[in-house]
Amino acid sequence: MNEEKRDELLIRIDERQKAVYEITLSQEKHLASLNAKVAEHVVKIAVNRNDISELQRVIAEGVPIRFTGKQYAAGALSILTISATLFISVGKFAGWW
């Protein structure tokens, strides 16, 4: 092999090596993007699993209802108001007032 052919061969090898390097960089960028998306989806799946298990627990056990004293008082006052309104309406229809 003479020097001219050797130099041409080295130039071609160098160009191929440069092309492979550029492709590798492109693949690494793409892989980093895909890894970020996969990590995001893993987090979303974990959140969804937690939400689903919470929903299953609520369906199985029911919704826990805990009223405060103010809520009980407001409910009792509402019932009294409705009862009084109904009593007055019945009294007016019956001609008591």
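Any read-out appearing in this document is the output of simple, stated calculations on the displayed coordinates, not a laboratory observation. In this text the structure is predicted, and so the values were computed from the model without any measurement. Don't worry about glycine lacking a Cβ; one is built from the backbone with ideal geometry, like all the others, and counts go over all protein chains shown.
Once you charge only the Cβ atoms, +1 for Lys and Arg and -1 for Asp and Glu, what is the size of the charge dipole of the chain about its Cα centre, to the nearest 20 debye?
About 960 debye.
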Task: Shape metrics for the stretch 1-77, restricted to C-alpha atoms - Rg then Dmax, Å - done: 32.4, 107
- [ ] Pick out, from I79, L9, A46, the residue whose Cα sits farthest towards the positive end of the charge dipole of the chain, with +1 on the Cβ of Lys and Arg and -1 on the Cβ of Asp and Glu.
- [x] I79
Open item on the list: Between helix 3-61 and the chain, what is the angle of the helix's C-alpha long axis to the longest principal axis, kept within 0 to 90° and rounded to the nearest 10?
Closed with: 10
